[in-house]
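Each remark here refers to the structure printed beneath this line.
The values are calculated or read from the model by the stated rules, or taken from the named source; none is laboratory data. Quick caveat, the model's predicted, so the values are computed rather than measured. Backbone-built Cβ (ideal geometry, glycine too); neighbour counts: all protein chains shown.
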């Protein structure tokens with residue numbers, strides 16, 4: 001939406017960005033293989049601000065992120081908004097404003113209770129404010145930031161990229177695409193329309209589209225030249241044969257760090273990166289987080305050790321909740 005409300009939100013987020021020259025230690029945002037992995041801000045600077053907010057995305061860019069990642073879900077009136085899930089009880093104040101809208105649904109085979117974006121119009125979503133999802137992170141910014149649309153995110157990325165003199169990449173994930181298509185609110189077509197309207201439907205655009213589902217990526221491969229990333233979560237998805245198949249429609253794979261290095265007891269690198277590279281695929285690792293509940297014990301509480309290990313193993317991109325830590329790890 002290109003209206004005064006949207007512009008005020010973008011302006012507010014822009015105010016968080018201080019003027020600073022890009023570090024020579026960081027590669028330019030883009031799709032070519034670079035000397036260092038891309039830094040991908042997972043849901044924005046989500047360790048510092050509530051996830052999927054313009055303020056969190058702007059802070060991530062200030063910290064040196066190459067890409068910002070909006071997860072996309074649909075409103076009742078077919079507008080794409082940035083939320084990790086369509087259930088928004090844990091990430092907004094919806095329970096206090098629309099208590100009677102609580103319901104139960106089956107999403108991709110799982111029964112979920114709460115409040116869902118597809119039951120709210122964009123106008124109603126605009127009345128909500130984001131909050132921190134995790135209890136052990138700061139809640140100082142709860143209730144301050146709106147839920148942005150996908151176009152809001154692209155407008156912010158464009159403005160911040162012009163300001164810093166190099167593109168800010170955008171890395172959308174289609175969330176529950178089969179479910180949304182089944183209720184008549186497909187994600188893919190509106191996403192491509194928004195990208196095309198901003199001139200980003202091209203092979204060299206600083207955009208990746210990711211999904212855990214393969215069916216929608218295979219379809220997207222026939223509809224767009226934007227590079228696609230297949231998210232993988234199980235061993236059968238990363239065999240050499242499976243990776244060669246993924247390479248027929250995708251540019252790369254997004255893999256859990258445990259798929260790359262192994263668990264705490266083994267701590268032995270797998271062949272995933274070598275196999276993916278042999279198939280012509282890039283590998284982007286998710287998700288680097290410093291808290292003890294997430295960080296493997298072998299790193300001794302040092303999140304930079306995880307960054308350095310993944311770099312040594314040859315990853316092409318790193319998703320992090322704290323993009324400043326990822327940038328620091330790449331410099332050391």
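What the table below lists for this structure:
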quantity	calculated
The lone exception for residue 59 - which of (1) touching a strand residue (DSSP E or B) at 6+ places or on another chain (Cβ under 9 Å); (2) free of Cβ contacts under 8 Å to residues at least 60 places away in the same chain; (3) under 29 Å from residue 158 (Cβ atoms); (4) outside any helix (DSSP H, G or I) it fails	(4)
Residue among 13, 45, 25 that alone is crowded, with 24+ Cβ neighbours inside 10 Å, touching a helix residue (DSSP H, G or I) at 6+ places or on another chain (Cβ under 9 Å) and either part of a loop (DSSP other than H, G, I, E, B) or at pLDDT below 50 (or both)	45
Residue in segment 66-74 that is in a loop (DSSP other than H, G, I, E, B) and over 18 Å from the mean Cα position of the chain (by Cα) present	no
Top-ranked residue of segment 312-327 - restricted to ones that are in a helix (DSSP H, G or I) and more than 20 Å from the chain's Cα centre (by Cα), ranked as farthest from residue 231 (Cα to Cα)	312
Enumeration of residues in segment 201-230 that are exposed (fewer than 14 other Cβ atoms within 10 Å of the Cβ) and either under 20 Å from residue 154 (Cβ atoms) or modelled with pLDDT under 95 (or both)	202, 203, 204, 223, 225
Candidates 195, 128, 160, 156, filtered to the one that is in contact with a helix residue (DSSP H, G or I) (Cβ under 9 Å, 6 or more places away or on another chain) and in a loop (DSSP other than H, G, I, E, B)	128
Qualifying positions in segment 109-137 - over 18 Å from the mean Cα position of the chain (by Cα) and touching a residue at least 60 places away in the same chain (Cβ under 8 Å)	118, 122, 126, 136, 137
Index of the failed condition, residue 270 passing every other in (1) outside any helix (DSSP H, G or I); (2) touching a strand residue (DSSP E or B) at 6+ places or on another chain (Cβ under 7 Å); (3) under 24 Å from residue 42 (Cβ atoms)	(2)
Matching residues, segment 305-324, being in contact with a helix residue (DSSP H, G or I) (Cβ under 8 Å, 6 or more places away or on another chain) and more than 18 Å from residue 269 (Cβ to Cβ)	320, 322, 323
